[in-house]
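Each remark here refers to the structure printed beneath this line.
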């Protein structure tokens, strides 16, 4: 016969079991924090993710919560301070990677205060020049820039943005010296680029394809390891002679450190299934992006690698952020 103590312990274990049973995830609304205003280039992708995850999880509620401001620090801080339970995730990209080095005394550590959930998509950047710039290839642009150091200018969405860092990396790799003209956002850059007040710019491809097709801008190269379907005649930077033109543009979902692996894995596995669905390629092409997926641990490693990669460009270019 079992001792009273043994039977009592067994009974207590049975009573305690429901307390420790894993809660089915998600059992309540999930937030995806987007540190940008609604309607920007990031917003449609985040909403696509939310819709697709919700569909797969029996119409679960996935909410896109736009928290712009402070060079993405406001929204990112909310993610860092949230409970690590899988119900708050952040949508991260170039700004997240760059801000980690660019802005001193930010209230979080981009590497140690977050864990990866899943890689989401690659974005592609296109180098465009105004038609009055007498070049048709990257090689010709480099030659022209070297013959007129500091005279050719490039427009960006602001200091430390991906459009700025791409241009700095370009100068580092080619030994050219260009004049930086920073703006507050991509819209004003495009306006002056189309007017010829800006000679060149590195822009998210989807935003400039209509202007390229209309002959208002001339594309010289695109980022990534293969040509864009929307711009089949435009070479990659590797094809154009710059094989080390990296600074991979990609986005991911992150979560506060301590978020359970099984929850993050469920998100990642669901997204990996979504990516394989027939309609996704067309949807991603429409967003000017290429779908990708990666498990949580790999996503965490990728975040760390990108922070380091962006940091090198920022330090080599001696970029200093000014409030």
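The values are calculated or read from the model by the stated rules, or taken from the named source; none is laboratory data. Because the structure is a prediction, the values reported are computed rather than measured. Note that we place each Cβ from the backbone using ideal geometry, even for glycine, and neighbour counts take in every protein chain shown.
Overview of results
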| item | result |
| --- | --- |
| Matching residues in the range 203-223 - criterion: being part of a loop (DSSP other than H, G, I, E, B) and crowded, with 18+ Cβ neighbours inside 10 Å | 217, 223 |
| Among residues of the range 52-71, those that are over 21 Å from residue 265 (Cβ atoms) and part of a helix (DSSP H, G or I), counted | 0 |
| Every residue from the range 242-270 that is modelled with pLDDT of 95 or more and in a loop (DSSP other than H, G, I, E, B) | 257, 258, 259, 260 |
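Conditions tested, residue by residue: (1) surrounded by 22 or more Cβ atoms within 10 Å (Cβ to Cβ); (2) touching a helix residue (DSSP H, G or I) at 6+ places or on another chain (Cβ under 8 Å); (3) within 21 Å of residue 156 (Cα to Cα); (4) not assigned by TED's automatic domain parsing to the domain that holds residue 281.
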site: 51; (1), (2), (3), (4): no, no, no, no
site: 66; (1), (2), (3), (4): no, yes, no, no
site: 69; (1), (2), (3), (4): no, yes, yes, no
site: 84; (1), (2), (3), (4): no, no, no, no
site: 94; (1), (2), (3), (4): yes, yes, yes, no
